[in-house]
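Report on one structure; see the data block that follows.
The values are calculated or read from the model by the stated rules, or taken from the named source; none is laboratory data. In this text the structure is predicted, and so the values were computed from the model without any measurement. A quick note on method: Cβ atoms are made from the backbone with ideal geometry, for glycine too, and the neighbour counts reach across all protein chains shown. Only protein heavy atoms, including side chains, enter the accessible area calculation; ligands, DNA and RNA are left aside. Shrake-Rupley method; radii C 1.70, N 1.55, O 1.52, S 1.80 Å.
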Amino acid sequence: MAQPLRLCAVTFFNAWPLFRPLVECRPEKVPVDDDGDPLFSVSDKLPSACAAALANGEADVALVPVAALLEHPEWVVVPDIAIAARGAVRTVVLACDVPLAAVTRIHVDMASRTSVALMRVILAERGLHPELIDAPHGSGAAKIGETDAALVIGGPAFGLTDKHAHTLDLGDAWFSTTGLPLVFAVWAARPGVLTEAHVAALQATRDKGLKHAEAHARTFRDGKVEAGEPVLSEASYADYLRRSIRYRLDAYARNGLVELLTRLQGHRGRPEPVDVQFFAQPHATVAPVPSSTPRQFDCSALLDRAAEGGRLDPAEAMVLYDHADLWALGRAADQRRQALHPDGVVTYIVDRNVNYTNVCTARCKFCNFYTPPGGKGAYVLSRETLAGKFAETEALGGIQILLQGGLNPDLPLTWYEDFFRWTKANFKLSLHALSPTEIVHLANLEDLEIREVLVRLRAAGMDSLPGGGAEILHEEVRGRISPFKNSTGDWLEVMRQAHRLGMVSTCTMVFGFQETAEHIVTHLTALRDLQDEALANPVTEAGQDKPGRFTAFITWPFQADGTRLKLRDDTSPWRYLRLQALARLYLDNIDNLQVSWPTLGPDVGEVALRFGANDFGSVMIEENVVSQAGAHFMLTADLIEHHIRQAGFEPSRRTVRYDRLPGPHIAPAASA
Ligand code: SF4
């Protein structure tokens, strides 16, 4: 019989939804493993005692204050569960009767070390360093005096804001400083003990616990009444569980978590990047393709079928990726390209890549572009700088701005709306703007639905969406390279909503993260499925003749220079050509494939035009992201046209919707 994991929960009311359903359920509802043995034995303690129990081996899994993760980087965090707040939390309050600056001593409830450490950081950032005095849990409020304050945690903090002249809700203070959720606690486990069944049971417990928020509120209030303690209404307690506390550790909360850990660590004089290990759950949004292929395949028959436009299934695509001869794959992709674009024209666009800010909270390990908030070299481009770049773009014949940046918590949605309106009022440029990652960030920051963010941005002037931020759409890979960035599901949802509004977008894939054939094909399948969905339910914007959809696919290899990822993976031109040819055959519902010359050079770009691509991308008057990680190729429009002609095609400029622009723009060089 398997031993149940010893689970140590927190006694605080805000933790009830995360564990009470495990102890209050009927015996037949206790979560069990495949052999019918219970998954958990449950106890509860104060938060700091929970962390100690996990550290000293008394517990296998514990709800720990997040500060404990800095001392135990080996602990494995259960994904998608947290005790967090976005703004005021009401139960972690610094209270005093004089202005904070006049406080000399603070009595701190040591029940939660995260709250105490956080308070230190918040005060230090305001230049305040009062003496801290440990106080037993629940006793601090009684000590508030003339120059004494108290950090009160848990139930005793309810209603403190009405009783004292000066209070600081730490959730509020954190959100107004960082624009990020404050994560107080997570489930953490000793390495190697968690299974998928444990994680799924804890996530299901959270959902059940929240469903019964009113029942928890009633029980909690009854207990207070019985103990003769002051109480709030039942509705107020339920509202606390439902609104003040957030129990999901989504990408936005993970951003907040890493920001908090980074600041706590920096406060201790250790400014190095923080890593958090999450339990790797199977991909939840896109069904993984089968990892083994029992059927016998004939590569040339598959290639013949795909070249004729026949649809490949995921297992067939994996066989081609692993076994097809590169040149045969290229020939089939070229045949498909000819069928889709028979007139021998290769298109390109003249646009400028503008990275409006490099401030980012996501801290992706593969990124050498971002600066954390407050970091050295952090920037937001001024209107003056933007005006100069936009005017120069128009002067060079550019028709579009490809606008992307970091996840900057200081830029609200209105900043983007004003910026887009100003652009449209002053320039004739299209805005191919904001990747799904930035849209998800704005939705989180403003607490809005993704669709509403898109509607507002479109009304302000956004024309289309670039497909950045996809990397590999598989949670196993994303967990390794960008654990604090949006999920696969979020990325796809932004594109789904954009297409439903009639907007067009592009889609991308970055390889070189030690992904497998299964990861690659899962990624391509997610894109193909979403495109099927868009084409099956077409929504066409006024004045357009084609519906919202992916207009093009672009793939390129990861550029590693200066990044934190030390991977050994194949990022050669050969693998690039293999992937691009496979994509041409597999993405049978996406019309256009762009070559990626900025990372591999224009000569490889020419070859790629014979491996399924029909577009030479963009002149890119400026590029900052991949160029900071080692890609240094730049081309002018005449050089792009030269390379297109050298590959045996006629060049034509285009729009983001792949409408051709009248030409010729640049006469071919006279032959000698
Ligand atoms: S890749 Fe994008 S989201 Fe990730 S750290 Fe860089 S700028 Fe931020």
So is A328 outside any loop (DSSP other than H, G, I, E, B), crowded, with 18+ Cβ neighbours inside 10 Å and small (G, A, S) or not?
-> no
For the range 104-117, enumerate the residues that are in contact with an Asp or Glu (Cβ under 7 Å, 6 or more places away or on another chain) and open to solvent by 10 Å² or more (accessible area, probe 1.4 Å).
-> T104, R105, H107, M110
Go through the range 100-140 residue by residue and tally those that are at pLDDT 90 or above and acidic (D, E).
-> 1
Can you tell me how many residues in the range 503-548 are under 30 Å from R568 (Cβ atoms) and not in a helix (DSSP H, G or I)?
-> 11
How many residues, within the range 420-435, are open to solvent by 10 Å² or more (accessible area, probe 1.4 Å), outside any loop (DSSP other than H, G, I, E, B) and either within 16 Å of the ligand (Cβ to nearest atom) or more than 30 Å from L180 (Cα to Cα) (or both)?
-> 4
Only one residue in A581, A552 is open to solvent by less than 20 Å² (accessible area, probe 1.4 Å), out of contact with any Phe, Trp or Tyr (no Cβ under 6 Å at 6 or more places or on another chain) and within 23 Å of A613 (Cβ to Cβ), so which one is that?
-> A552
So which residues in the range 202-211 are surrounded by fewer than 20 Cβ atoms within 10 Å (Cβ to Cβ) and small (G, A, S)?
-> A204
In the range 378-403, which residue that is open to solvent by 20 Å² or more (accessible area, probe 1.4 Å) and within 16 Å of the ligand (Cβ to nearest atom) is farthest from T655 (Cα to Cα)?
-> A378
So which of A101, A95 is among the small types (G, A, S) and touching a residue at least 40 places away in the same chain (Cβ under 8 Å)?
-> A95
Given the conditions (1) more than 16 Å from the ligand (Cβ to nearest atom); (2) crowded, with 22+ Cβ neighbours inside 10 Å, which single one is not true for D490?
-> (1)
Across the range 334-372, what is the number of residues that are away from the ligand (no atom under 16 Å from the Cβ), in contact (Cβ under 8 Å) with a residue 60 or more places away in the chain and not charged (D, E, K, R)?
-> 9
Residues located in the range 41-88, provided they are open to solvent by 20 Å² or more (accessible area, probe 1.4 Å) and at positive phi | G57, D80
Unique match (being open to solvent by less than 50 Å² (accessible area, probe 1.4 Å), closer than 24 Å to P181 by Cα, more than 16 Å from the ligand (Cβ to nearest atom) and not in a loop (DSSP other than H, G, I, E, B)) among E417, E438 | E417
Cβ-Cβ under 9 Å pairs, at least 6 apart or on other chains, the range 435-451 side without any contact (Cβ under 8 Å) to a residue 24 or more places away in the chain and over 13 Å from M495 (Cβ atoms), far side of a type in the set (D, E) and within 15 Å of the ligand (Cβ to nearest atom) = A443/D490
In this structure, is K163 in contact with a Lys or Arg (Cβ under 9 Å, 6 or more places away or on another chain) and of a type in the set (D, E, K, R)?
-> no
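Looking at G406, G375, G467, can you tell me which residue is within 27 Å of A85 (Cα to Cα), within 14 Å of the ligand (Cβ to nearest atom) and at pLDDT 95 or above?
Only one candidate passes the filter, namely G406.
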If we ask which residues in the range 369-417 are charged (D, E, K, R), more than 16 Å from I439 (Cα to Cα) and out of contact with any strand residue (DSSP E or B) (no Cβ under 9 Å at 6 or more places or on another chain), their number turns out to be 4
Flagged pairs (Cβ under 8 angstrom, 6 or more apart or on separate chains; first in the range 390-408, without any contact (Cβ under 8 Å) to a residue 40 or more places away in the chain; second away from the ligand (no atom under 16 Å from the Cβ) and part of a helix (DSSP H, G or I)) are F390/T423; F390/N426
With P483, P412 as the choices, which residue is within 12 Å of the ligand (Cβ to nearest atom) and of a type outside the set (D, E)?
-> P483
